[in-house]
Amino acid sequence: MIFSELSLITDATGLQFDEENAILYGNKNGVPVMVFDNENRRRIDIVCGAVLSDECIPEIRRMTFSFPKKTLIGIENENGCVKIYCNGFYLMQENLPLLITFLDKLTSYAKANASSYTTLTSSDVLRLGAYEVKKMVADDKPKKNRKKGKPFDIKSTLKGVLGGLIGTLVGSSIFVLFILASDILGWMGGVVMAAAVISLYSAFSHKMKAPDVIISSAMVLFGWLFSNVFAYLFRIFLKAREDNPGVNIFGILENINYFMTKYYEQTNLFSNNLMVSVVFVVAGAIGSYWFYYRHNRKDMY
């Protein structure tokens, strides 16, 4: 007599247990089925005596997805039987209910799709004791069907670039005014500028794929740097005009090192604003992308 945990599920499955060979056998849902505790191979071999087409095998494989990982070793459909080979360790003890459920689903599916049935004998199943399972003809899980994305739309991207340029112009103008007004408003202006660029870019292009994200991000960074530099030069220009009403912007640019040193407080303010405002600009850009993603997810990837 061979002890097997399969003997514990006779009542739940409605099958009988052969103590001499450790085989659970009988008809379930009107379909012949045998479950062999293949100690020699450390497997649980399930044999369903139903004549099924090969098109039914993927569905049977999907039934095994409730098993722990690496449980399924292989499935064969030959000689009027479907044979499911499983790692025995994963279908015992607390996982016996999974085996019970699987047998019910398997026989129900076989009853609905079988063209005929095959009589099973213990000798047929015992031959599997030394049988080496063939390599599975398909993966354990079907590959996900990924939808092919639309080809890259260059026209929409060019429209987006136009919208981004308009957004950069408008956003940078607001950013500069905010910087000149006060430091705190200047930081908030970074958020406004980033939102303006990304919003107008997406409004013109009607999409936001990876290349569009890269291009619009570059525009945002340009707007951030341009606005800060312009505001800095304008402040120096105002200071220089106070000292010398005849100075012009070209004269300042020609002697920028001199004016940067002379008005060092403006230079320090520029450096501080540059470092702080980039945080707000990045936050504004991330918020704008997230807003677009939440409302137009299908157009972003």
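The values are calculated or read from the model by the stated rules, or taken from the named source; none is laboratory data. Computed from a prediction, not measured in an experiment: that's the story for all the values here. Counting neighbours? That spans all protein chains shown, and the Cβs are built from the backbone with ideal geometry, glycine included.
Out of the helices (runs of 4 or more DSSP H) lying entirely within segment 100-213, which hold 2 or more residues that are at pLDDT 90 or above and farther than 30 Å from residue 73 by Cβ?
Details: elements: 122-126, 154-181, 183-205.
The helices (runs of 4 or more DSSP H) meeting that bar are 154-181, 183-205.
Which residues, taken from segment 154-182, are in contact (Cβ under 8 Å) with a residue 24 or more places away in the chain and not small (Gly, Ala, Ser)?
157, 159, 161, 162, 165, 166, 168, 170, 175, 176, 179, 180
Is it true that residue 95 is of a type outside the set (Gly, Ala, Ser) and either within 19 Å of residue 10 (Cα to Cα) or free of Cβ contacts under 8 Å to residues at least 24 places away in the same chain (or both)?
Numbers: of a type outside the set (Gly, Ala, Ser): yes; either within 19 Å of residue 10 (Cα to Cα) or free of Cβ contacts under 8 Å to residues at least 24 places away in the same chain (or both): yes.
When the stated conditions are applied, residue 95 passes them.
Can you name the residue in segment 102-136 that is surrounded by 13 or more Cβ atoms within 10 Å (Cβ to Cβ), more than 13 Å from residue 23 (Cβ to Cβ) and β-branched (Val, Ile, Thr) and, of all such residues, is farthest from the chain's Cα centre (by Cα)?
118
Mind checking which residues of segment 78-88 are surrounded by fewer than 19 Cβ atoms within 10 Å (Cβ to Cβ) and part of a strand (DSSP E or B)?
Within segment 78-88, 78, 87 meet the criteria.
Of all residues in segment 195-225, which are touching a helix residue (DSSP H, G or I) at 6+ places or on another chain (Cβ under 6 Å) and farther than 18 Å from residue 162 by Cβ?
Of everything in segment 195-225, just one residue is touching a helix residue (DSSP H, G or I) at 6+ places or on another chain (Cβ under 6 Å) and farther than 18 Å from residue 162 by Cβ, namely 224.
Would you check which residues across segment 248-263 are of a type outside the set (A, V, I, L, M) and farther than 22 Å from residue 181 by Cβ and list them?
If the condition is that a residue be of a type outside the set (A, V, I, L, M) and farther than 22 Å from residue 181 by Cβ, then 248, 250, 251, 254, 255, 257, 258, 259, 261, 262 are the ones that fit.
Specify the residue that is farthest from the chain's Cα centre (by Cα); the eligible residues are those in segment 1-56 that are of a type in the set (Gly, Ala, Ser) and within 20 Å of residue 114 (Cβ to Cβ).
Taking segment 1-56 as the starting set, the residues that turn out to be of a type in the set (Gly, Ala, Ser) are 4, 7, 12, 14, 22, 26, 30, 49-50, 53.
Retained after the next criterion (residues that are within 20 Å of residue 114 (Cβ to Cβ)): 14, 26, 30, 49-50, 53.
Values: 14: 43, 26: 45, 30: 43, 49: 41, 50: 39, 53: 35 Å.
The selected residue is 26.
Which of the residues belonging to segment 57-89 are over 30 Å from the mean Cα position of the chain (by Cα) and closer than 17 Å to residue 111 by Cβ?
Within segment 57-89, 77, 80, 81, 82, 84 meet the criteria.
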